[in-house]
Structure formats: structure tokens, C-alpha cells
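Novice: The structure under discussion is supplied below as C-alpha cells; questions concerning it will follow.
The values are calculated or read from the model by the stated rules, or taken from the named source; none is laboratory data. Not measured: the values here are computed from a predicted model. We place every Cβ from the backbone using ideal geometry, glycine too, and count neighbours over all the protein chains shown.
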């Protein structure tokens, strides 16, 4: 059993931008030579979230519309009283979605569904340089 | 330390059906003979989700009502413009809830609360045959 | 590779109380002497949830307001018909947020962002004594 911790660097636009990180994670997995185990993807930050979805143009609009509906940007968040950075909505969205995801793999392949991709959503209200943690536990 | 990857097969009705998979997971765990570690349950697909709840008749109605309230089925999703499969709501619900759950165990027993069960929610709008991934990491 | 399972005990007030457990988890991690791996935090119970956020006074109001907005306490939950304990909202909130979180660490330090803390939210409608599971997998 091995454990390996890697970084996946992204430049994001923020504002609920959805980034398909599947290929980036698969490339890191191939480098490890591990055959059976799981990967943890973790967002070190409080304005981004990780989940999976089908990456197609329709959902790339539906998902941001959903977050805007239940956690609107232009609402009075107490967070903005503290920092005046106007990303209270970003924080509440990230708290809801969560910062961690775990995906199993066998034979060196992620066990994702055919129409399922790993996505990072940057909820912040400005461009960011992100360094996601991708950690591998498994055996060769 | 061992890592073992198993399949839990389910036939589901969809439409926010909630399936208690606790016993299925416990049976797989007993087969592994592992004593201390954790299980990852993962949905390979973009229209189902995993979480825990108290499985009793009231919540089996409350939970689908909640998802229908915040992500209604009969609303205009752009996903449906792409595929005409009318399961845009299924995808947004699954993206929100997430496809992975991790549960620790010791002495060969899942560390769930007394009134807590592991549930798979099939958000799709039709019956499906599902093969959930249940992965075990631990020691004997 | 080692696996170690610990308990983090908390006395909570319930009613969406948010408790920063970062320091408690870090203390347990230091005790293990592990250098690289990950921790799983798990809530054994169906009325609490785990996530991360920036712990500052504004968000400590925004997050409970959000849960009250989408899953109000004073609404008719079928769960309350079953048990008359009037915590139907607590259960639906916990089901949505989820009971598990995984956080990687290297050099014995959690890989959290600078403004990111691990929080337990007690959604129940009364004070509780909670025993969270904190499980460590890693190497020295």
C-alpha cells in the first residue's frame, strides 16, 4: 500500500465557473502506477467545491442557475459586513457543496460512470489560482 | 493493510427512490474479514447520490419533497435541450448531494449511529440497474 | 501504513450550532505521529453534518439562515408524525449536508486553506453529547 499526495493547479475565473478536472486527475493517477485504490480530491480554501456531474453545455448553465436561486449573490450576507469582499454567497455555496470527494479506481482506471466527470466549482467572485490536493492511496 | 473493491447491485425505480443499502454494505464488509478501516461507497453515474439518514416512513416522504421543492422536476432545464431525456432535475440533484460517502468501521462493525442508515437515492426519471462501488481499506 | 480510529467528544447546544473542530482534530493528528495521509471525520448520527468554512462571525449567522430558508424548522414534516420529536428539519438538513469529510495531511499538517476550518453543525433541536469519529490513515 502506498500513499502519494499531488497538486493540481488551476487558473479560474470564479463566479460559479465549473471546471472539468477529470483528465488532470487521470494523468496524475497514471503517473503513480497504482492499480487499485482511491483518490481524494480536496479544495484547500473556503470558496470552492468538488462534486461530479455530466459535463455538457446544458448542465453547465443549470448548475450555476441552481446555486444562484438558492444562494443568490445579491443578498445581504453578514460575511460581507465582516470583510467587505462581497463573496458571502461564495462561502455559503462552498459550505453546502463541501470540499472533498473520493473516487475509487481499479486497473489504474477511475470507476466513474460513462457520463460522469469530476468537477471543481469556483464560487469565489474573482479569478483565482487554485492548487487542489489530489491524494492517492492504493497498491501497484 | 488491505484494499478490496466490491460491487453492490441494485434494481431501482428512480424518481427519488431511497434505498437503504446498509445491510448490503455490512454483508460485503463481513466477507472481507477486515476489522478496522473504512468503506467508500461511490455511485458511478451522474443521476444518483449517497448519504445517510434515519430510514423511517416520514423521512422517506420528507426527503423527496425537499428535493422537489428546491430542484423541481417540471422546470426548464437546459440539460433537456441537449438530450431531450427530461432528467435535468435528476442531474442537478445528484450534483448537489454528491456521489461518495466514507464510513469508518472497527471490530468489523460500521460506526453508524443507532438510527442512521446508508442510503442511495436514485434521482433518475426511470428504472435503472445500478452497480455501486463499495471499497474497503483496513486491516484484519 | 497505519490506520487509527479516535473519538472527538463534544457537548453541543443543537439548533444549527456550528462548532469549529479543527484544533481538536489537529491535536488528535499530532498524537498519531503520522506524517502523510488523510483523516476522515464521521458523524455517527442522523441530525449532524460535517463540512468546512471560514469561521468568522458573519458566516456563523449566514449559514444557519441559509438552512432555515431552504429547510425551515416550522414546517410540516412527516418525520414528526412518526416520532413527535419535532426535529424533521434537523434530519433533512443532515441528510443534505452529509456525515463524512476527508482531509489530507502532509508533514503532520492538515492541508486546509488559510481561512478554512473544519466544522460540525448540530442540526438537532436540543443539546446533545456527540462522539465524532476521527480516523487516520497514513505513514510515519
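Novice: I'd like to verify a number: residues in segment A:81-108 that are touching a residue at least 40 places away in the same chain (Cβ under 8 Å), in contact with a helix residue (DSSP H, G or I) (Cβ under 9 Å, 6 or more places away or on another chain) and over 21 Å from residue A:44 (Cα atoms), how many?
Specialist: Here the count works out to 2.
Novice: Scan segment B:115-138 residue by residue and report those that are closer than 30 Å to residue C:85 by Cα and in a strand (DSSP E or B).
Specialist: Listed by number, the residues that qualify are B:117, B:118, B:119, B:120, B:121, B:122.
Novice: Does segment A:68-78 contain any residue that is under 26 Å from residue C:67 (Cβ atoms) and crowded, with 20+ Cβ neighbours inside 10 Å? Step through it out loud before you land on a result.
Specialist: Residues of segment A:68-78 under 26 Å from residue C:67 (Cβ atoms): A:68-78.
If we keep only those that are crowded, with 20+ Cβ neighbours inside 10 Å too, we end up with A:71, A:77.
Yes, the conditions are met somewhere in segment A:68-78.
Novice: Please tell me if residue A:54 is touching a helix residue (DSSP H, G or I) at 6+ places or on another chain (Cβ under 7 Å) and either buried (at least 16 other Cβ atoms within 10 Å of the Cβ) or within 30 Å of residue B:75 (Cα to Cα) (or both).
Specialist: Values: touching a helix residue (DSSP H, G or I) at 6+ places or on another chain (Cβ under 7 Å): yes; either buried (at least 16 other Cβ atoms within 10 Å of the Cβ) or within 30 Å of residue B:75 (Cα to Cα) (or both): yes.
Judged against the criteria, residue A:54 is a match.
Novice: Of (1) buried (at least 19 other Cβ atoms within 10 Å of the Cβ); (2) farther than 20 Å from residue B:100 by Cα, residue A:10 satisfies all except one. Which?
Specialist: (1)
Novice: Inspect segment C:123-140 for any residue being within 20 Å of residue C:12 (Cβ to Cβ), surrounded by fewer than 21 Cβ atoms within 10 Å (Cβ to Cβ), in contact with a helix residue (DSSP H, G or I) (Cβ under 8 Å, 6 or more places away or on another chain) and modelled with pLDDT of 95 or more and give the result as yes or no.
Specialist: Yes, because at least one residue in segment C:123-140 is within 20 Å of residue C:12 (Cβ to Cβ), surrounded by fewer than 21 Cβ atoms within 10 Å (Cβ to Cβ), in contact with a helix residue (DSSP H, G or I) (Cβ under 8 Å, 6 or more places away or on another chain) and modelled with pLDDT of 95 or more.
Novice: Please enumerate the residues belonging to segment C:84-103 that are surrounded by 16 or more Cβ atoms within 10 Å (Cβ to Cβ) and over 16 Å from the mean Cα position of the chain (by Cα).
Specialist: C:87, C:88, C:89
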